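Worksheet: one structure, shown below.
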Amino acid sequence: MATTTGVNSDLAKERNNSTFDVEELSNFIYRGPEKVKRRRYLHNLATKDPFFRKFKPWAFQTREEQYEICLQKHLYINKKCKELNLTEPVDKFFYTEAAAPHENSPIGLHTVMFIPTIEKQGTEEQKKRWLPLAESLKMIGTYAQTEMGHGTFIRGLETTATYDPRTREFILNSPTITSMKYWPGNLGKTTNHCLVMAQLYTQGKNCGIHMFMVQIRDLETHMPLAGIEVGDIGPKFGYGTNDNGFLRLSNVRIPRENMLMRYSKVLEDGTYVKPPNAKIAYGSMVLVRAAIVTDAARALAQACVISIRYSAVRRQTEVSPGGEEAQIIDYQTQQYRLFPLLATSYAMYFAGRFMYDFYLKTTAEIEGGNLDSMPQLHAISAGLKAFSSWMCSAGVETCRLCCGGHGYSHASGLPKIYIDVVPGCTYEGENNVMMLQVARFLMKMYGKLQNGEALPTFMQYMSTDLNKKSCMTEEVALNCLVMAYEHRAARMIRDAAASMEKLVQSGKSPVEAWNGSTVMLTWAAIAHCHAFVTKLFVETVVKSRMDSKVQSALTSLCKLYAVHGIVENLGGFIQDQFFDSKQVKILQKKLMQLLAEIRPNAVAFVDAFDYPDEVLQSCLGRYDGQVYQALYDYAKSSPMNEKEVLDSYYKYIKPAQNGKYQQYSKL
Ligand SMILES: CCCCCCCC/C=C\CCCCCCCCCCCCCC(=O)SCCNC(=O)CCNC(=O)[C@H](O)C(C)(C)COP(=O)(O)OP(=O)(O)OC[C@H]1O[C@@H](n2cnc3c(N)ncnc32)[C@H](O)[C@@H]1OP(=O)(O)O
Ligand SMILES: Cc1cc2nc3c(=O)[nH]c(=O)nc-3n(C[C@H](O)[C@H](O)[C@H](O)COP(=O)(O)OP(=O)(O)OC[C@H]3O[C@@H](n4cnc5c(N)ncnc54)[C@H](O)[C@@H]3O)c2cc1C
């Protein structure tokens, strides 16, 4: 029975029953007690700061208020980060996630893409010129690449930058309606500069797409400059806090020095100097793709915290007539929907940690002049970005559904998380397109395998003997699970390659053969990413040092991740009789056992993510489990309840009750 003060008794019982120390698991997730302490310190700084609490809740704000309030919050965050000397990206990330949870920043693109692009693509002189202005917000910029007509196919962008050697300027133009920049974050009303991706023309030749710094608004009045038409694109599915914008450029002249020239150059006479690799200009997209993995993991983790705590508190339906109503977390169907997502949130966190480290290591190599790992970085970041945003977005929605009616209310906090995470499937490369980039890499690797060339370590599984059957026994060993995923991926890669080969043999061109095989190629890419994430999870629990009770619990969760993925995608695993029917039964039985095994630790697993209530902003996910009082308070705080009788009653309902409808004819 729930009490109305203190911690809900069901939730308290859950915490008593767990088999491991939650603090130990938090230490493992966040890489040590010092880092946990630091994260808590940063969260506390934000959650205890009265500044962030003075605004009305996000769900009660109009679009204009969402923008304005979020802008104030992020400018304040910017100021505080400077005062507190928070320079590490991880520190800023934790402070921000607590200060403005899931509120997409009106200066976010400035921080996440504009400044990093100058840092990575600018010359030393350009960095010296622009970075101090950008750091002090005198210049506020965005990354303006996507156009109304083209987002995916960036070589097809239509904006032009034509070099005029007489004046040593570039002339920027949006020659058609489809060429106008459309979607860039913060572009509509906030920014005064843009990094514009445009087709470079010099000496009468098209040299492909390049980045140009373009001032779009006056630095004093903030009015658009001559030749610039700019504005907000209007309300969207979410992202109300963000002024995604449109931009039309008409004969806008910028000095030659405004082309980002660290790698490609246009000399004064118009001579074009090529970069060492044309795709080096895509580096800022790779950075954000890498960051999206952690961002998506965090969204799913928070949704799991909310949904699992609520499932422990919520009781529904007497199990035997007249008996006590069960906690909904005890229904096997609820466990089947939630616990694999809990496991997925851990898998994605570890993938995000890996991705961040791999990004830092590889970009350091690239900056040192060694570009060898660029294709791997592109394939891994594109694949993990797509896989994580798909899995986590779908997972957040399932968490919402698992909360029944209350999940549909903004009081749950879940809709806000969902609309923040789901555009990650689209921006920074639409997910299907990203998976096809992975597939392109896989086909190259397959070609190498056929030629007997060496493969990078993470691709060596492709040489597995596809006639081999699974080693799975009742024990359901982790290595047999990894082998199953790698077997499926290797077979799907081979099948996709065979499909293309067959089409070529039937007289199709390589491009036609590719287009005729993209579904199979996508299957192969997804299977590859699934294998990659599963192996990473397994290696994390097997090879890392941690408390033995935590390790045992985390091993069950990891097993659940792997077994559930097989049972849900069974067709792909049994197509070549890799598993026989006895082994399938073993896996199905194991899945049910694992649900029961994880059940006593479910709340502890979500507590270990260590998200304060102020970050979750959820009546259902509160640490104390007092959900009903919170829902009641939330309802009472609705602006709709400020007056007992609304004006609309007198204006519309009352006359209608009296049969009077004249007010409509006035319209
Ligand atoms: C617990 C730990 C906490 C850690 C905390 C970490 C700190 C985190 C810090 C910050 C967190 C912030 C959180 C972030 C949240 C996110 C907020 C985001 C806000 C929204 C931003 C949105 C911005 C945008 O959307 S910008 C626009 C993005 N647009 C795209 O992505 C376009 C997609 N299209 C493409 O990329 C390309 O067109 C293409 C790849 C599809 C095709 O390109 P192409 O036409 O040029 O290709 P080709 O066919 O000519 O050539 C293919 C060839 O090129 C290779 N290639 C392609 N790309 C790359 C690359 N990037 N690098 C290397 N190589 C590349 C490809 O592999 C092919 O090679 P071949 O050898 O096969 O020919
Ligand atoms: C919230 C949000 C914020 C954004 N912020 C920015 C920003 O700051 N800066 C910026 O420049 N852009 C931004 N964008 C734009 C974003 O990067 C693009 O929308 C994205 O890259 C997808 O491109 P598209 O819209 O052209 O989709 P399309 O390419 O038109 O996709 C439509 C469909 O076609 C399919 N498709 C397209 N090409 C292929 C192909 N080759 N093979 C198979 N299928 C294909 C896709 O899979 C998809 O199903 C943002 C978008 C959103 C939603």
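The values are calculated or read from the model by the stated rules, or taken from the named source; none is laboratory data. The shown structure was predicted, so the numbers you read here are calculated from the model rather than taken from an experiment. With ideal geometry, Cβ positions are generated from the backbone for all residues, glycine too; neighbour counts draw on all protein chains shown. With ligands, DNA and RNA removed, areas are computed over all heavy atoms of the protein, side chains included. Shrake-Rupley method; radii C 1.70, N 1.55, O 1.52, S 1.80 Å.
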Specify the residue that is nearest to Met113 (Cα to Cα); the eligible residues are those in the range 145-157 that are open to solvent by less than 50 Å² (accessible area, probe 1.4 Å) and more than 9 Å from ligand 1 (Cβ to nearest atom). Glu147
List every residue pair whose Cβ atoms lie under 7 Å apart, where the two residues are 6 or more positions apart in sequence or sit on different chains, the first residue falls within the range 139-155 and is closer than 15 Å to Asn244 by Cβ, and the second residue, located anywhere, is more than 8 Å from ligand 2 (Cβ to nearest atom) and among the charged types (D, E, K, R). Glu147/Glu158
What pairs can you find where one residue is in the range 427-441 and of a type outside the set (Lys, Arg), the other is within 6 Å of ligand 1 (Cβ to nearest atom) and part of a helix (DSSP H, G or I), and their Cβ atoms are less than 7 Å apart, with a gap of 6+ or different chains? Glu428/Met285; Glu428/Val288; Glu428/Ile292; Gly429/Met285; Gln437/His378; Phe441/Pro375
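Here's the yes/no breakdown for (1) within 30 Å of Arg337 (Cα to Cα); (2) not aromatic (Phe, Trp, Tyr):
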site: Pro255; (1), (2): no, yes
site: Tyr263; (1), (2): no, no
site: Gly270; (1), (2): no, yes
site: Ala281; (1), (2): no, yes
site: Ala297; (1), (2): yes, yes
site: Gln302; (1), (2): yes, yes
site: Tyr310; (1), (2): yes, no
site: Arg314; (1), (2): yes, yes
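Condition check ((1) open to solvent by less than 50 Å² (accessible area, probe 1.4 Å); (2) at positive phi; (3) within 14 Å of ligand 2 (Cβ to nearest atom); (4) more than 31 Å from the chain's Cα centre (by Cα)) across all residues:
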| position | (1), (2), (3), (4) |
| --- | --- |
| Phe212 | yes, no, yes, no |
| Ala226 | no, no, no, yes |
| Gly240 | yes, no, yes, no |
| Glu268 | no, no, no, yes |
| Lys279 | no, no, no, no |
| Gly283 | yes, no, no, no |
Please go through the range 426-440 and pick out each residue that is open to solvent by 20 Å² or more (accessible area, probe 1.4 Å) and either assigned to a helix (DSSP H, G or I) or hydroxyl-bearing (Ser, Thr, Tyr) (or both). Thr426, Tyr427, Asn432, Val433, Leu436, Gln437, Arg440
Please pick out the residue among Val476, Val396, Val421 that is surrounded by 19 or more Cβ atoms within 10 Å (Cβ to Cβ), part of a loop (DSSP other than H, G, I, E, B) and β-branched (Val, Ile, Thr). Val476
Within the range 246-262, is even one residue acidic (Asp, Glu) and in a loop (DSSP other than H, G, I, E, B)? no
Would you mind finding the one in Met434, Met355, Met443, Met391 that is modelled with pLDDT of 95 or more, within 24 Å of Gln121 (Cβ to Cβ) and touching a Leu at 6+ places or on another chain (Cβ under 8 Å)? Met355
Would a scan of the range 454-470 turn up a residue that is outside any helix (DSSP H, G or I) and within 16 Å of ligand 1 (Cβ to nearest atom)? yes
Pick from Lys80, Lys128: which is open to solvent by less than 50 Å² (accessible area, probe 1.4 Å), more than 11 Å from ligand 1 (Cβ to nearest atom) and part of a helix (DSSP H, G or I)? Lys80
Being part of a helix (DSSP H, G or I) and buried (at least 20 other Cβ atoms within 10 Å of the Cβ) is the filter here, so list the residues in the range 605-625 that pass it. Phe605, Val606, Asp607, Val615, Leu616
Going by the conditions given, is Thr317 assigned to a helix (DSSP H, G or I), open to solvent by 20 Å² or more (accessible area, probe 1.4 Å) and more than 23 Å from Ser381 (Cα to Cα)? no
Out of (1) within 23 Å of Leu620 (Cβ to Cβ); (2) open to solvent by less than 40 Å² (accessible area, probe 1.4 Å); (3) assigned to a loop (DSSP other than H, G, I, E, B), the one Asp10 does not meet is (3)
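A quick yes/no check of all residues on (1) touching a strand residue (DSSP E or B) at 6+ places or on another chain (Cβ under 7 Å); (2) within 16 Å of ligand 2 (Cβ to nearest atom); (3) under 27 Å from Asn277 (Cβ atoms):
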site	(1), (2), (3)
Thr160	yes, no, yes
Arg166	no, no, no
Thr178	yes, yes, no
Asn186	yes, yes, no
Leu195	yes, yes, yes
Gln215	yes, no, no
Restrict the check to the range 567-587 and report whether at least one residue is closer than 28 Å to Tyr331 by Cβ and among the aromatic types (Phe, Trp, Tyr). yes
